[in-house]
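Notes follow the structure.
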Amino acid sequence: MADHAMATALVDSTSSGTVVSEAVLTQILAQLESLTISQQVLQAKLDNLTNPGARPTTAQITTPGTSASPVTTANGSFSSSYPGSPPAATTNFGLSPPASLLQRVPVPQDREKVLYPQRVILTTYPDQTGIRPVPLQWGAQDPKVRGPVVPSRLPASIKLRNAIGAHSGSYSIYRALAIALGNLNPTHKPSYINTEPPVSIPPQPSWSDPRKIVSFDPWGHLVPQIWAEQIEAGLDIRPSIAVTKAHIKLSELDEAARKGTITIDGKLVVKSRPVLNADFTESDVDPGVELACSKAAVEPVWFLPGVAERFKISEGLLRRALFEDTGGMYPELITRPDIKVFLPPIGNLTVYIFGKPEYMSDPSKELTLRVHDECNGSDVFGSDICTCKPYLIFAIEECIRCAQRGGVGVVVYFRKEGRALGEVTKYLVYNLRKRGGDSADKYFKSTEMIAGVKDMRFQALMPDVLHWLGIQKIDNMISMSDMKYNAIVQSGIPILKRYDIPDHLIPPDSRVEIDAKIASGYFSSGKVITQEDLVKTVGRAWEETEH
């Protein structure tokens, strides 16, 4: 019924926003009223099925925008004045069940009553009683004027929410499982003592430009400091960015140091501690090197009007597509047009900084950049069917050399496995390629046959992180992707030089990928390949892997 109701809502989109006629608005409100009543009836039936011995639920049927007397549920708890909505902020504030209590409740059905005493809340509406979102002005220069991002559905926050979705992206599912199992108290209040960034990522002019950064919260790493009072008062506000320092240890860089292609300087490139034998004595084996770096993990936080503008579509279309094609997971994308921020259930990005972080925003310093999209098979396990790991290692070495020349190197690692098509799709494509004669002329066609599209990374949002870091120009970009290059340049950041991976670093079986990309128009500083040449580039057959 809900799907039918939404399907019949007609929306006229214009470049300035969404215009809804009075007749259509009346139709939508009528359908929402009908849906609310049906939801209450279904809930009552469910209560009778799950609690046959409980006393009947007494509830007054109301419609959105109207008030009602308190509702007594089957378990004796009180809901708010709006049937189907959560208790008022003061009802359960500070009274949520402690983790010790949840762990003592062995029966899942009983734990459900303790965790969720109120009725299921499928969605909320702008004119619903008590709805008062925390003010949020995306792009405001003062973070306290901008306001915090609050997606929490806890009883104390649900009517104050100004964002749809949940923190931690796809990992929010594991949080939900931990709560259901009684391992985590849903109202656990994190302690942020000693978690502040050890290196500074200071505000940049782009942070207050609502068009420059639309895919994450630029203040996300400073949340515990900026909104400390609100957090202490009980508002569920969480960091969406964390900045730290680390050492990187890679065998390929050990080999580079032995060959002398990177230099041990004792600051950026340092000698590793001695290797230990099984009896804990020091071995004579060369321990290799480690890289000192700063890094930042950034979770997605989408400002929907800005994302829609970036992709040149209407906000209404964006919301409808996100609702429909995530299985209807987020109904408030439809019912809460007043909420403009969405935390999508997708992977985050990580920034690795080699050299002094303050140099990133200093245009007088040389800057080397690699924007890398995740490839688990190659990056972690060394699969040679693609050039992802060789590109990543070469880029890190180039960043080191740049930093040692007095500049700074940056690698941005996006979780967009298999061109954002996913690893399952990627492996299906591998099977098709190897069974069909793995030639470069079929490279992109194989992906399109399975996925319907050859790439879903959509680099239009990618430059946001560069603006967050304060990067004003890129001296060296290590990439052959025209999509990445164009997205960065069109965002206002010039690229002075771009270059691809040296030919001798390309694994033989990944020649298919490289030649197909060059022939399709990807940047190449050397080899010229025509469509006629592609049939001659053939990858390794499966039989050659069976030893």
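The values are calculated or read from the model by the stated rules, or taken from the named source; none is laboratory data. None of the values given here were measured: they were computed from a predicted structure. A quick note on method: Cβ atoms are made from the backbone with ideal geometry, for glycine too, and the neighbour counts reach across all protein chains shown. For the accessible areas, the whole protein counts, side chains as well, though only heavy atoms, and no ligand, DNA or RNA atoms are used. Shrake-Rupley method; radii C 1.70, N 1.55, O 1.52, S 1.80 Å.
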### Query
Once you put a point 7 Å from the Cα of Ala246 and another 7 Å from the Cα of Lys454, both along the Cβ direction, what distance in nm separates them?
3.3 nm
### Computed Kirkwood radius, in angstrom, where 1/r is averaged over Cα pairs of the stretch 393-450
13.9 Å
### FRET efficiency for Asp384 and Lys527, using Cβ-Cβ distance with R0 set to 25 Å, rounded to 0.05
0.85
### Message
Based on alpha-carbon centroids, what's the gap between the stretch 145-213 and the stretch 300-344 in Å, whole number please?
### Response
18 Å
### Message
Under a crude label model (7 Å from the Cα following the beta-carbon direction), how far is Asn486 from Arg132 in nanometres?
### Response
4.9 nm
#### Entry: Spin-label model distance (nm) - Lys189 vs Asp286, 7 Å beyond Cα toward Cβ
5.5 nm
### Query
Full extension from Leu276 to Glu324: what is 0.36 nm times the residue separation minus their Cα-Cα distance, to one decimal in nm?
11.7 nm
## Note on the structure
Per the rule of 0.36 nm per residue minus the C-alpha distance, extending Glu232 to Arg175 adds in nm 18.3 nm
### Query
So which trypsin sites (Lys or Arg not before Pro) in the stretch 158-198 pass both tests, a DSSP loop state and at most 15 other Cβ atoms within 10 Å of the Cβ?
none
### For the stretch 171-227, the Rg and Dmax computed from alpha carbons only, in angstrom
15.8, 45
### Message
As a test question: what accessible area, to the nearest 10 Å², does Ile173 have when a 1.4 Å probe is rolled over all protein chains in place?
### Response
110 Å²
